[in-house]
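Structure first, commentary second.
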Amino acid sequence: MRERISSLTVVLVLFWTATLTAQTADQAVKFRLAQTYEQAGDFEKAARVYEELLAREPSNFVYFDGLQRMYMQLKRYDKAIILLKDRLSMNPGDVNLLGILGSVYYKAGNEKEAEAFWEKAIAVDPTNQNVYRIIASIELENRLLDKAADVYRRARVACNDPSLFTTDLAQLLAVSMDYAGSTREFVRWLRQNPNQLSYVQGRMASFTGKEEARKVAMEVVRDEIRRSEETRLYELLGWLALEGKSFSDALEIYKKIDQLSNAQGGALYAFAERVYKEKAFEVAAKAYLELINMPVAGARLPSAQYGYASSLMQLSLLADTLAWIVSQQEIPETESQPHYAGALAYFRKIIAEYPRTEFSARSYYQIGTLQFERYFDLDGALNSFGQVERELPGNPMLHYAVGLKIGEILIARGDTARAAARFLQTVDAPDATPDQQDEAGYRLAELAYFGGDFDSAIDRLSEISFDTKADYANDALQLLSFLQENTLTAKAALTLFARADFLGRQRKLSEAIPIFQQLIQDYPQALLVDDALMKVASLQAKSGRYQDALESYQRLLNSFAETSIALDRAQFNMADIYHHGLKDIPKALAAYEKLLADYPQSVLCTHARKLIRELRGDTL
């Protein structure tokens with residue numbers, strides 16, 4: 001008898017187990033079906049399946065959450081409210097459910113009930129910061145930015161913590177375009193966390209790109225500084241000034257930072273380096289000069305002196321208004337001319353004070369660059385670059401940089417064999433940088449082109465242009481395209497072009513111009529005729545033949561109006577000749593304005609507009 005009862009019990013257990021397993025499997029299938037409908041966007045069918053699942057298992061949160069999602073997708077707010085209230089009856093103190101119920105009421109258009117339920121949620125635990133975080137988050141989802149901000153502020157009072165939700169509130173106020181309020185919160189955070197300046201700057205960068213917002217932020221920081229002069233606040237203010245390119249203001253701020261932090265010139269030097277890279281050379285020069293005159297400059301002094309000399313050089317380059325077209329006349333300038341005298345004198349001062357150092361070597365390098373590129377003093381430049389190697393031997397990067405410069409000078413002398421030897425030293429050197437190797441390869445391609453060996457030039461250029469991120473890739477692509485096009489269609493014309501181009505590189509303008517002109521006359525159908533006209537006009541301008549240059553540019557504009565890609569450059573160059581060569585301001589203005597009218601998409605338009613404003617004497 002006992003055995004039969006035991007057997008019956010086992011059978012019943014197995015029967016119920018099988019039944020429950022079947023039910024569980026069936027629910028799993030239905031749940032996957034509901035998910036499939038939801039993913040496909042068929043919320044109606046998904047809702048019906050979720051309703052069925054929840055009816056079978058009312059306590060299952062996953063089914064409840066799925067059904068609540070579907071009601072919201074279908075905008076069945078009344079059903080969602082009933083569902084949530086039913087769920088709340090099981091746990092009336094569930095802050096999340098109270099918050100969500102408030103959100104449903106808000107979406108249904110009942111703002112009063114929404115606020116009531118959010119208040120009920122806060123009342124559950126009014127000193128718990130997580131409660132405020134949940135409700136603020138729900139309000140943010142509903143784009144109630146002001147209400148969320150108020151919740152954060154209430155939390156500070158209720159939790160007796162004035163620093164609570166500082167970054168949350170700061171970012172919320174920034175989104176609300178309350179830039180003053182946002183900045184005050186970020187300042188609060190910075191005072192609590194002085195080592196997180198970069199974090200604050202990163203967050204504030206979301207709005208400091210707007211001039212108005214940046215000005216508001218700067219005024220707030222200044223107000224805070226008036227209350228308490230703190231280094232971190234000055235650093236934040238200095239950063240804001242730099243963001244707005246207010247370099248002169250930033251200089252005064254960084255002088256204060258250096259003083260407060262007892263950096264002994266460290267902060268001011270970092271500032272000078274930063275603004276130099278930003279090409280604010282006048283401010284950089286002032287900053288370097290401040291360092292030079294500081295009694296504690298010490299080991300930083302030669303760096304500051306070199307920075308000051310470099311800034312003077314860059315200022316002279318900017319002031320050289322003839323640098324566009326009509327500069328570099330056939331008769332070389334001399335160092336006795338005052339234009340770069342200040343920079344050259346200071347570089348020589350550094351050489352005298354710090355012989356056989358990195359600073360003397362770099363100074364010789366800059367002197368050589370000016371001698372070559374501005375004065376075309378080839379002997380002086382060769383001597384200066386040779387001195388670089390003598391001042392600081394054993395520096396591979398500097399060695400190859402000098403070698404490349406010397407190679408360029410040798411090209412200008414017409415000494416192609418020695419120039420090629422210099423470039424080959426770099427292109428095959430394992431310790432040269434990739435950029436130096438690319439430049440050397442490009443120069444070797446140029447030499448092949450000048451010598452009429454176009455196939456070799458094309459091979460070298462193809463290697464460089466393959467890497468589009470390389471510094472010389474764009475130059476290589478331009479020359480490669482020019483050679484490939486003209487090698488096939490007009491090789492004889494290309495040979496003449498290369499010979500004249502080589503003479504132009506040597507500043508033998510009186511020899512180069514006739515060859516270009518002969519090419520234009522003998523090969524009028526060649527694709528490179530417009531390029532030859534550009535070359536002729538440029539060389540004529542450099543030799544002071546301004547009227548001839550204007551005629552050449554005008555011929556290009558008339559004859560190649562539909563085919564040349566250099567039309568905007570030709571128009572700009574004409575304006576430049578009127579401006580800086582002939583000093584004819586009315587014609588210069590007319591020519592610049594014609595560029596804007598005829599070639600509005602040209603990259604030269606921005607510079608032309610600036611020059612027009614200067615010529616008109618506009619203040620803005």
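Every number in this text was worked out from the coordinates using simple rules, so none of it is lab data. The structure displayed is predicted, hence computed values, not measured ones. Cβ coordinates were reconstructed from backbone atoms using ideal geometry, including for glycine residues, and neighbour counts include every protein chain displayed.
Things to note:
- Cα pair distances in region 504-548, grouped into 5 Å bins until the bin that holds the longest one, percent each: 5, 25, 33, 23, 12, 3
- Point-charge dipole on Cβ atoms (K/R +1, D/E -1) for region 48-127, about Cα centre, debye to 20: 300 debye
- Dipole of the chain, positive direction: furthest Cα of Ser137, Leu97, His579, with charges on the beta-carbon: Leu97
- Inter-part distance, region 108-177 to region 425-445, computed on C-alpha centroids, equals 62 Å.
- Relative exposure of Ser303, Ser198, Ser103, judged by other C-beta atoms within 10 Å (fewest first): Ser198, Ser303, Ser103
- For the chain, with +1 on Lys and Arg beta carbons and -1 on Asp and Glu, the positive-most of Tyr71, Val220, Ser564 along the dipole: Tyr71
- Coarse-grained scattering of region 373-512 at q = 0.20, 0.22 Å⁻¹, given as base-10 log I(q)/I(0) from a Debye sum over alpha-carbon atoms: -1.24, -1.37
- Normalised by residue count, region 342-421 yields a Cα convex hull volume of 75 Å³ per residue.
- Long-range Cα-Cα pairs in region 211-290 (distance over 14 Å), rounded percent: 58 percent
- Sparsely packed GluC sites (Glu not before Pro) within region 188-281, loop by DSSP, other Cβ within 10 Å at most 14: Glu229, Glu278
- Arranged from fewest to most other beta-carbon atoms within 10 Å of their beta carbon, Thr563, Thr167, Thr183, Thr36 become Thr563, Thr36, Thr167, Thr183.
- Restricting the trypsin sites (Lys or Arg not before Pro) of region 34-85 to loop positions (DSSP other than H, G, I, E, B) with no more than 14 neighbouring Cβ atoms within 10 Å leaves Lys75.
- Trypsin sites (Lys or Arg not before Pro) within region 173-229: DSSP coil, no more than 15 neighbouring Cβ in 10 Å: Lys210
- Unit Cα scatterers, Debye sum, the chain: log10 I(q)/I(0) for q = 0.06, 0.08 Å⁻¹: -0.61, -0.85
- Ranked from largest, the principal axis spans of the Cα set of region 131-180 equal 27, 24, 13 Å.
- Charge dipole of region 165-244 (Cα centre as origin; +1 on each Lys and Arg Cβ, -1 on each Asp and Glu Cβ, all else neutral): 80 debye, rounded to the nearest 20.
- Relative contact order, whole percent, for region 499-620 stands at 15, derived from Cα pairs under 8 Å and 6 or more residues apart.
- With 0.36 nm allotted per residue and the present C-alpha distance subtracted, the His607-Asp379 stretch has 78.6 nm of extension available.
- Taking a ≥ b ≥ c as the square roots of the eigenvalues of the alpha carbon gyration tensor, region 165-244 is rounded, as a/c is under 1.5.
- In this structure, Glu463 and Asn262 have a Cβ-Cβ separation that, at R0 = 41 Å, corresponds to a calculated FRET efficiency of about 0.15.
- For region 474-560, the calculated P(r) over all alpha carbon pairs, in 10 Å bins from 0 to the bin holding the longest distance, is 18, 50, 30, 2 percent.
- Rounded to the nearest 20, the size of the Cβ-charge dipole of the chain about its Cα centre is 1440 debye, with Lys and Arg at +1 and Asp and Glu at -1.
- Debye log10 I(q)/I(0) at q = 0.14, 0.19 Å⁻¹ for region 499-620, Cα point scatterers: -0.61, -1.01
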